[in-house]
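What follows is a set of notes on a single structure, which appears directly below.
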Amino acid sequence: MSTEQQQNQKLAKQRYVFKGATVQGLPSSGMLQSEAKYWLQIIVDGKEGWCTRELRSKEGKMEWSLGTDRHVFEQVSTAKVQMTLCKSNTVGPVVLVGIVELPIHTWMTTGEDLVAIDLNQYGAALSIQLVLRQAGENSETSAAALDPAAQHAMAVKQQMEQSKEAVDRLMDRATNGWSAWELLLARVNAMMILMDTVPEVQPYAKMAWTVIWTTYVVIEPYKDRQDEVKPLVEKMQGVYEFLLSAQELRDQARMGALARLSMQTVECGHFIYAYANNPNDFRRLILTQALSSVAAKIDEYSKMFDGLLFDFQTGHQLRLQIASTRILTYVNGLYSDMDVRVRKIPYTKGAGYDPRKSCLPGRRSVLLDDITGWASSHAKDTPLVYVLVGSAGTGKSTVAHTIAARFNHLNQLGSMFCFSRTEPNRTPENTFRNIVRDLSDRWPEYRKALSLTFDGRAALAGTNDVVQQFDTFLLQPAQYVTISGTIIIVIDALDECGTAAMREKLLWTLSHRLKDLPPAFRFLITTRGETDIIQSLPAYGSSALVKYMLQMEDDGEPNKDIEKCDILPPKYREKLQL
């Protein structure tokens, strides 16, 4: 740490808002006239950094001024902000175009002046205008001046920054060199920041951070458990070390491999968490699945990382699946007619996940990240249920299908059931039937556990009682399985499953019984704010996270996506007579 940085630590930090930047002076012809894209890399006080979106030059000028370009950070006024203009072509390495570094107070006092970029290898008179403001009581970013949705968007951003600070604290504790876990945390976090503007990778990079961080919190007190999974942790941190230094990191052709590397990291984090939570039982379950041992499974994961890394280096798409261990069970036997019994459970076709209904890249990003983080987290007391309430036309179903798509890629989508007023066979009685059929088809281990429930009670396959279905199809089999990671079940358009009388039992089961399931089950429920549905929400208690979805703004900006339902909109408060 430099003397200047040590002095900065003694000063009081202020909150600043980077609102955007403009670069001028790029040649409109000649060697810079190409398919090249430019972005700014911003470093604060030599350690905190982020990157802007990639843009193409238009008449020698580029401007970053959208809401997605904003970034909030805390630092002392004397800390230096370094701006680096980078360029990438369709082929070839990333090129450093220019760099300028000034203290925050200097950037603030230059006002609208343009600052020349140094080290400009093209010889052009480049200049940069930085829009940097201090966030205070009179600032437009003051919490008092923001509406609830904007406050939530800023809270999400602050959580990201707090994650980075947590990694910095871990590094500061490493007195005798960084441990494998500390290195992995730092590098996974850095990848999350770098991939924030890459839609193909961003969701999975954020999932990787959420899973690895919450897994570390669980395993950190247990040195012996850390030792057993250390080879896998070292493998992952070595992979990320290579990725962060690779020139191909921004090559579009390699984004698929990079996304799968992030997915494999998510899977390995889930595996480590399942082991760390109960190592003795997990070892026995691994043996029953003919996987030999925990070490053998770690070796399988390591080989998969080698293969995915090869795909990234070469730009190939050879490995389209990841290695995973989702459900383990003690049940060794399987009734010979079990498949026949499961097939006797009625199944409603066409009610499931449809990849064509997903959001366009960049849309609803705040909301999608919020749901993805909830569904991926191993943090203690994470609610099992996420209820998304919104008016017609807010895009609830599109969000539901996008979440289903993300977790389907990770082999974590258990089931999706979509109600529709135009499909009368999508009834409350068919909900858990479809869910259990999907779970049994996807994971034979779940079907084994289900066999114990059906022992001598074949008539249960045709029961119309929703509560009995839940007990038989979900709750009882869940007692015989151990789940690595989380299993996501999506129920879309709950308000369209018939009249209030028709859905009364289903609403009661969802609000009173889902909390009895193991924490690995996560239910995403979308609905309009019908009176009976809103009145059922308090019964969930702490087992549900309830949020209200706002109308998408015309400009498509995602910073007004969601609003906590701690204070419901007036029309819903009237229904609850609050």
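The values are calculated or read from the model by the stated rules, or taken from the named source; none is laboratory data. Computed from a prediction, not measured in an experiment: that's the story for all the values here. Positions of Cβ are generated from backbone atoms using ideal geometry, with glycine treated the same way; all protein chains shown enter the neighbour counts.
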**Message:** Given the criterion crowded, with 17+ Cβ neighbours inside 10 Å, part of a loop (DSSP other than H, G, I, E, B) and at pLDDT below 70, identify the matching residue among Ala323, Ala290.
**Reply:** Ala323
**Message:** Quick check on Ala544: is it at pLDDT 55 or above, under 25 Å from His401 (Cα atoms) and either assigned by TED's automatic domain parsing to the domain that holds Gly414 or of a type in the set (Asp, Glu) (or both)?
**Reply:** yes
**Request:** Please state which of the following conditions Thr431 fails to meet, knowing it meets all the rest: (1) in a loop (DSSP other than H, G, I, E, B); (2) in contact with a strand residue (DSSP E or B) (Cβ under 7 Å, 6 or more places away or on another chain).
**Result:** (1)
**Item:** Residues located in region 452-481, provided they are polar (S, T, N, Q) and crowded, with 22+ Cβ neighbours inside 10 Å
**Value:** Gln469
**Message:** When you scan region 412-425, do you find a residue that is closer than 25 Å to Ala501 by Cβ and either under 19 Å from the mean Cα position of the chain (by Cα) or in a helix (DSSP H, G or I) (or both), even just one?
**Reply:** no
**Asked** Among the residues of region 451-470, is there at least one that is within 30 Å of Trp209 (Cβ to Cβ) and either part of a loop (DSSP other than H, G, I, E, B) or touching a helix residue (DSSP H, G or I) at 6+ places or on another chain (Cβ under 8 Å) (or both)?
**Response** no
**Request:** For region 185-192, indicate whether the set of residues that are assigned to a helix (DSSP H, G or I), of a type in the set (D, E, K, R) and over 25 Å from Arg70 (Cα atoms) is non-empty.
**Result:** no
**Failed criterion for Asp370 (all others in (1) charged (D, E, K, R); (2) surrounded by 21 or more Cβ atoms within 10 Å (Cβ to Cβ); (3) over 21 Å from Ala208 (Cβ atoms) hold)** = (3)
**First in region 50-70 and at pLDDT below 75, second anywhere and of a type in the set (Asp, Glu) and assigned to a loop (DSSP other than H, G, I, E, B), Cβ under 7 Å, 6 or more apart** = Gly67/Glu557
**Asked** Restricting to region 496-542, what's the tally of residues that are within 26 Å of Gln412 (Cβ to Cβ) and of a type in the set (D, E, K, R)?
**Response** 5
**Message:** For region 490-542, give me each residue that is part of a helix (DSSP H, G or I), in contact (Cβ under 8 Å) with a residue 60 or more places away in the chain and either under 30 Å from Phe271 (Cα atoms) or among the charged types (D, E, K, R) (or both).
**Reply:** Asp495, Glu496, Lys505, Leu510, Leu514, Lys515, Tyr540, Ser542
